[in-house]
Amino acid sequence: MQPSTAERIARLSAHISPSNLQMGESSMLERANCRAKGGAPGFKVAILGAAGGIGQPLAMLMKMNPLVSVLHLYDVVNSPGVTADISHMDTGAVVRGFLGQKELEAALTGMDLVVIPAGVPRKPGMTRDDLFNINAGIVRTLCEGIAKCCPNALVNLISNPVNSTVPIAAEVFKKAGIYDPKKLLGVTMLDVVRANTFVAEVLGLDPREVDVPVVGGHAGVTILPLLSQVKPPCSFTPEETEFLTKRIQDGGTEVVQAKAGAGSATLSMAYAAVKFADLCLRGLRGDAGIVACAYVDSKVTELPFFASKVRLGRGGAEEVYQLGPLNEYERIGLEKAKQELASSIQKGVSFIKK
């Protein structure tokens, strides 16, 4: 039997906002009958903070990823508009929007991967620590939702300051009794993307041919590019090393200043986040040899969290790699990074334990 016009319209609207679906009790149409349940084989991904400066381009790029079957877009403002807009793209992923705290649980239920760019962006003159008090509370609330609704999901945390928000998320998950250190990943991929780009410029190569490991954390001196381990193998003068390291560390500030009050690094961050999320999804699919840098629960140093190369698989960060041989410049940088990282981590832990 052909569905009635009303049923077809309801089915279309269910793609965009299933919570708005209002039909008489006699209707046979339930959400389960809509393609919003997930038409294509693949993974269910939620973006928390999908209407923001990072969230919108991130949502668009995730809609283009063939590994995504269902894409949930959550925010406290403007998510219905972003959802409507992105849902018109003719790719496989079904898009559904969720607005406000009351819809957080629905946004998270059944997700395989949760990407969190939520929070306020940096403005000129702001440090990542200036963001702390606002974004720490946002991350805590969202992670409490994850603990309740999709405790087995992989979590990609972008909200700054990542050096502190990842420890916050870990403490929330520990309190809820669901903490799996392999499934909580701070996204430092933008540092790697910048390093690849800036090093390629100096070497006169295509950035896609360059791989620079970036370890430590995701702010200022905690960002430590290991230029002695660049692929393809190459060498830099001390001046080049200093220039490149500083530029990679200050990449975010470069964009904040260039935008002159109109925002921070949103587009390159969205690109880097999707690049990392895609690697996570390929790991979840069971692909072999998926390696990327991420800020994770770590035994690589004496610190409880540290960014280094990890192997991604069905369980998340299944192996955390050691740093490998460092030159003297990198060893000095590592000590500086660890000093600042220690206080950032403690700040995050104290926020939950206070």
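The values are calculated or read from the model by the stated rules, or taken from the named source; none is laboratory data. Keep in mind it's a predicted model, so treat the numbers as computed, not measured. Every residue, glycine among them, receives a Cβ derived from its backbone with ideal geometry; neighbour counts consider all protein chains shown. Note: areas computed on protein heavy atoms with side chains; ligands, DNA, RNA excluded. Shrake-Rupley method; radii C 1.70, N 1.55, O 1.52, S 1.80 Å.
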inquiry  = Pick from 49, 125, 216 the residue whose mean-square fluctuation is largest in a GNM of the chain, springs joining Cα atoms under 10 Å.
reply    = 125
5 angstrom amide H check on residue 218, placed H, neighbours 5+ away = 163
task = Take the Cβ-Cβ distance between residue 258 and residue 141 as r, set R0 to 25 Å, and report the resulting FRET efficiency rounded to the nearest 0.05.
result = 0.20
message = Tell me the angle of helix 5-16 to the major Cα principal axis of the chain, expressed in degrees between 0 and 90 and rounded to the nearest ten.
response = 20 degrees
message = Would you report the distance distribution of C-alpha pairs in segment 47-133 as whole percents per 10 angstrom bin, up to the bin with the largest distance?
response = 18, 48, 25, 9, 0
ask   = So between residue 321 and residue 109, what do we pick up on full extension, going 0.36 nm a residue minus the alpha carbon distance?
value = 73.1 nm
query = Build a GNM of the chain with springs between Cα atoms under 10 Å: which of 48, 281, 61 gets the top mean-square fluctuation?
reply = 61
task = Pop out the carbon and sulfur fraction of the accessible area of the chain as a percent, whole number, probe 1.4 Å.
result = 54 percent
task = Give the residue from 225, 269, 212 lying farthest towards the positive end of the charge dipole for the chain; charges sit on Cβ (+1 for Lys and Arg, -1 for Asp and Glu) and the dipole is referred to the Cα centre.
result = 269
query = Per the Kirkwood definition applied to all pairs of different Cα atoms, how many angstroms is the hydrodynamic radius of segment 135-230?
reply = 14.8 Å
inquiry  = Tell me the net charge near residue 170. Cut-off is 15 Å between Cβ atoms, residue 170 excluded, with +1 for each Lys or Arg and -1 for each Asp or Glu.
reply    = +4
remark   = With T = 20 °C, eta = 1.002 mPa s and Kirkwood Rh from C-alpha pairs, the Stokes-Einstein D of the chain in µm²/s is about 102 µm²/s
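Give me the net charge for the shell around residue 109: Cβ to Cβ below 10 angstrom, other residues only, Lys and Arg +1, Asp and Glu -1. Numbers along the way, then the final one.
Values: positive: 44, 148; negative: 105.
Charge balance near residue 109 sits at +1.
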query = segment 58-111 to segment 284-340: how many Å between their Cα centroids?
reply = 31 Å
message = Run lengths n ≥ 4 of DSSP H only: what is the helix-derived mean residue ellipticity at 222 nm for the chain, with -39500 (n - 2.57) per run over all residues, to the nearest 500?
response = -13500 deg cm²/dmol
query = Taking the alpha-carbon set of segment 302-352, what are its Rg and Dmax in Å?
reply = 13.5, 37
query = More than 25 Å apart: what percent of Cα pairs in segment 240-345 qualify?
reply = 36 percent
ask   = Between residue 5 and residue 335, how many nm apart are label points set 7 Å from Cα along the C-beta direction?
value = 7.8 nm
ask   = Among the lysines, which have Cα under 16 Å from the Cα of residue 246 when same-chain residues fewer than 8 positions away are ignored?
value = 336
ask   = If the cut-off is 12 Å between C-alpha atoms, which aspartates and glutamates fall inside it for residue 63, apart from same-chain ones fewer than 8 positions away?
value = 85, 90, 278
ask   = Quick one: length gained pulling residue 346 to residue 123 fully straight, 0.36 nm per residue minus the C-alpha distance?
value = 77.8 nm
query = Based on the Kirkwood radius over alpha-carbon pairs, what is the Stokes-Einstein translational diffusion coefficient of segment 67-107 at 4 °C with 1.567 mPa s viscosity, in µm²/s?
reply = 125 µm²/s
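Residues of the chain: accessible area per residue at 1.4 Å, in Å²?
45 Å²
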